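In what follows, a structure is listed as structure tokens, so that the remarks can point back to it.
The values are calculated or read from the model by the stated rules, or taken from the named source; none is laboratory data. Computed from a prediction, not measured in an experiment: that's the story for all the values here. Every residue, glycine among them, receives a Cβ derived from its backbone with ideal geometry; neighbour counts consider all protein chains shown. Protein only, heavy atoms only, side chains kept; ligands, DNA and RNA dropped before computing areas. Shrake-Rupley method; radii C 1.70, N 1.55, O 1.52, S 1.80 Å.
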Amino acid sequence: GQPGNMRQGARSLAVGAELGGLGAALRQLDLSDAQKQSVRSIVSEARQQAAAQRQQDAPDPAALANPADPNHANAVEAAKRRAVARIQQMSDLQQRVYAVLTPAQQAKLPQVLADLRQKRAERRGARN
């Protein structure tokens, strides 16, 4: 899309997977264009780092799935290290994005997140 295209701007903040619930909340915080660009850059960099991380220290899927495999324990340890690294990367990413917010947006964030949790709970309740 074109840089001025509103659809592109909305889609570019579709960063839910990388940011957890923070991604949905950002869309409700009226970010400036400069803030949106900062978030895009931060998320893009995080995606590149995650891709590089996936290339290294990948557990052997066959060994991981088979407790009788002699490499099973090593594969489990590799999977644990990878999970810990992913959690740390998400936390770091969220901290970097949070730092882009103004004090007013930071103050509003807890309520926006609570509202999103409530809406999710209501949708889940409606499906059951």
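When 49, 53 are checked against the criterion of being open to solvent by 70 Å² or more (accessible area, probe 1.4 Å), more than 30 Å from residue 115 (Cα to Cα) and modelled with pLDDT under 90, 49 stands alone in meeting it.
Is there a residue being open to solvent by 80 Å² or more (accessible area, probe 1.4 Å), of a type outside the set (Gly, Ala, Ser), part of a helix (DSSP H, G or I) and modelled with pLDDT under 90 anywhere in the stretch 9-17?
Here is the first cut: in the stretch 9-17, the residues open to solvent by 80 Å² or more (accessible area, probe 1.4 Å) are 11, 17.
Restricting the remaining residues to those that are of a type outside the set (Gly, Ala, Ser) gives 11.
Next, only the ones that are part of a helix (DSSP H, G or I) stay: 11.
If we keep only those that are modelled with pLDDT under 90 too, we end up with 11.
Yes, the conditions are met somewhere in the stretch 9-17.
Taking the stretch 81-128 as the range and being over 30 Å from residue 58 (Cα atoms) and of a type in the set (Gly, Ala, Ser) as the test, the residues that pass are 99, 104, 107, 114, 121, 125, 126.
Of all the numbered requirements in (1) of a type in the set (Asp, Glu); (2) open to solvent by 70 Å² or more (accessible area, probe 1.4 Å); (3) closer than 17 Å to residue 20 by Cβ, residue 115 misses one, and that requirement is (2). Counting the residues of the stretch 103-114 that are of a type outside the set (Lys, Arg) and in contact (Cβ under 8 Å) with a residue 40 or more places away in the chain gives 4. Filtering the stretch 18-46 to residues that are of a type in the set (A, V, I, L, M, F, W, C) and open to solvent by less than 60 Å² (accessible area, probe 1.4 Å) leaves 19, 22, 24, 25, 26, 29, 31, 39, 42, 43, 46. Each residue in the stretch 67-85 was checked for being in a helix (DSSP H, G or I) and touching an Asp or Glu at 6+ places or on another chain (Cβ under 7 Å), and 4 pass. Looking only at the stretch 95-110, residues that are part of a helix (DSSP H, G or I), among the polar types (S, T, N, Q) and surrounded by fewer than 18 Cβ atoms within 10 Å (Cβ to Cβ) come to 2 in all.
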